[in-house]
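Asks: Input: one structure, supplied below.
The values are calculated or read from the model by the stated rules, or taken from the named source; none is laboratory data. Just so we're clear, the structure is a prediction, and the values are computed from it rather than from any experiment. FYI the Cβ positions are ideal-geometry reconstructions off the backbone, even for glycines, and counts take in every protein chain you see. Ligands, DNA and RNA are excluded from the accessible area calculation, which covers all protein heavy atoms including side chains. Shrake-Rupley method; radii C 1.70, N 1.55, O 1.52, S 1.80 Å.
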Amino acid sequence: MSKVEEVKAHVEKGKTKLISGLVQAALDEGDAAMDILQAMVDAMSVVGEKFSAGEIFVPEMLIAAKAMSNGVDVLKPLLAGGPSKSLGTCVIGTVQGDLHDIGKNLVAMMVESTGFDIVDLGVDVPADKFIDAVKTNENVKLVACSGLLTTTMPAMKDTVAALKSSGLTGFKVIVGGAPVTEAFATEIGADAYAPDAGSAAVKAKELVTAA
Ligand code: B1M
């Protein structure tokens with residue numbers, strides 16, 4: 001089994017203590033950081049499938065998520081190096097009612113690497129907290145909302161509506177997360193949608209530089 005395959009298997013099994021060493025070993029063997037990241041993302045898909053099939057439960061999902069986060073910590077310096085000139089501030093969070101943060105953290109990391117300063121509001125973020133962050137932070141050019149549950153898509157819709165009717169200006173809104181589609185993003189009035197962290201970073205830069 002290659003080191004990357006080992007990383008994937010260990011995330012699936014939630015081997016939180018071993019994963020940092022394995023990721024480092026994969027890097028040392030010459031595997032690319034993006035390939036190791038993709039292996040961990042694939043592992044989380046397997047975890048999700050096992051959860052859907054009733055083979056594992058919430059605690060196992062949680063431990064796998066912790067293992068992936070530990071692995072991402074090792075990769076972060078390699079993935080997040082970026083330009084020093086700021087494109088502005090990006091306020092990011094997972095919408096109210098939703099506790100999933102791995103995808104949101106990856107988006108934050110990639111958006112940061114294109115030149116944004118990040119204000120990360122965490123998970124379960126109500127609309128008014130997004131609005132407060134736009135008011136209280138300097139030079140906010142982008143608000144990024146993540147959501148992983150179909151049940152929290154209405155919260156995403158409410159957040160975008162609240163931001164758009166707040167009277168605040170000078171920023172764009174980007175949304176994403178597994179159940180979110182381009183059509184949904186358009187329907188709720190977001191300025192952009194991205195399916196993954198890499199394209200979120202590209203869209204973020206386009207939105208701000210085109211404004
Ligand atoms: Co949850 N969970 N979970 N879970 N969980 C899912 C999402 C689920 C698909 C699993 C399944 O049933 N197969 C399912 C949702 C079904 C649905 O709504 N359609 C589900 C469920 C049901 C639940 C609970 C309700 C379970 C329960 O309690 N019965 C519960 C809800 C809790 C809550 O939020 N209120 C729950 C809880 C949890 C844990 C807390 C245990 C844990 C999260 C821990 C954490 O995040 N720290 C967890 C996990 C780990 C998952 C799975 C297995 C993995 C999620 C993940 O991290 N993926 C997930 C199954 C799956 O995704 N296949 C599942 C890896 C990550 C890199 O991908 O987050 O999709 P993702 O991010 C991607 C893109 O979506 C995109 O870019 C990222 C990277 O490229 N993206 C954006 C994300 N945000 C973006 C924002 C953007 C642009 C792109 O612009 C702003």
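Asks: Could you give the accessible area per residue of the chain, probe 1.4 Å, as a whole number in Å²?
Replies: Dividing the accessible area of the chain by its residue count gives 49 Å².
Asks: Under 15 Å Cα-Cα from Lys17, which aspartates and glutamates qualify once same-chain neighbours fewer than 8 residues away are excluded?
Replies: Straight-distance partners of Lys17: Glu6, Glu60, Asp73.
Asks: Turning to a different aspect of this structure: Determine the relative contact order of the stretch 86-210: mean sequence separation of Cα pairs under 8 Å and six or more apart, normalised by residue count, in whole percent.
Replies: Relative contact order here is 30 percent.
Asks: Something else now. Got the relative contact order for the chain handy, in percent, Cα pairs under 8 Å and 6 or more residues apart?
Replies: Rounded, it is 17 percent for the chain.
Asks: What is the dipole size for the stretch 4-86, taken about its Cα centre, with +1 at each Lys and Arg Cβ and -1 at each Asp and Glu Cβ, in debye to the nearest 20?
Replies: 400 debye
Asks: Beyond 26 Å between alpha-carbons counts as too far, so tell me which of Lys15/Lys129; Lys15/Lys76; Lys13/Lys129; Lys157/Lys203; Lys8/Lys172 fall in that bin.
Replies: Lys15/Lys129; Lys13/Lys129; Lys8/Lys172
Asks: Using a 1.4 Å probe and counting only protein heavy atoms, arrange Glu182, Glu29, Glu60 so the residue with the most accessible area comes first.
Replies: Sorted descending by solvent-accessible area, the residues read Glu29, Glu182, Glu60.
Asks: Follow-up. Angle, helix 3-12 long axis vs. longest principal axis of the chain, Cα atoms, 0 to 90°, nearest 10?
Replies: Once rounded, the angle reads 70 degrees.
Asks: Just report the Cα centroid separation between the stretch 43-105 and the stretch 188-211, whole Å.
Replies: Cα centroid of the stretch 43-105 versus Cα centroid of the stretch 188-211: 19 Å apart.
Asks: Measure nothing but the geometry: give the 0 to 90° angle between the long axis through the Cα atoms of 197-210 and the longest principal axis through the Cα atoms of the chain, rounded to 10°.
Replies: 20 degrees
Asks: Also, I was wondering about something else. With the chain treated as a Gaussian network of Cα nodes joined by springs under 10 Å, which of Asp191, Asp128, Asp117 yields the largest mean-square fluctuation?
Replies: Asp128
Asks: Rounded to the nearest percent, how much of the accessible area of the stretch 3-80 (1.4 Å probe, protein heavy atoms only) is carbon and sulfur?
Replies: Of all accessible area on the stretch 3-80, carbon and sulfur atoms account for 56 percent.
Asks: Further question on the same structure: How high is the relative contact order of the stretch 3-80, in percent, with contacts defined as C-alpha pairs under 8 Å that are six or more residues apart?
Replies: For the stretch 3-80, the relative contact order is 45 percent.
Asks: Okay, helix-only estimate at 222 nm for the chain: each DSSP H run of n ≥ 4 adds -39500 (n - 2.57), divide by all residues, round to 500 deg cm²/dmol; what do you get?
Replies: Helices in the chain give a 222 nm mean residue ellipticity of -17500 deg cm²/dmol.
Asks: What angle, in degrees between 0 and 90 and rounded to the nearest 10, separates the Cα long axis of helix 58-79 from the longest principal axis of the Cα atoms of the chain?
Replies: Relative to the chain, helix 58-79 is tipped by roughly 80 degrees.
Asks: If r is the Cβ-Cβ distance from Glu49 to Ser199 and R0 is 25 Å, what FRET efficiency results, to the nearest 0.05?
Replies: Given R0 = 25 Å and the Cβ-Cβ separation, E is 0.60.
Asks: Rounded to a whole number, what % of the accessible area of the stretch 144-211 do carbon and sulfur atoms account for, probe 1.4 Å?
Replies: 58 percent
Asks: If you don't mind, another one. If you count, for each residue, the other Cβ atoms within 10 Å and average over each peptide, how do 62-75, 154-167 line up from highest to lowest?
Replies: Output ranking for 62-75, 154-167: 62-75, 154-167.
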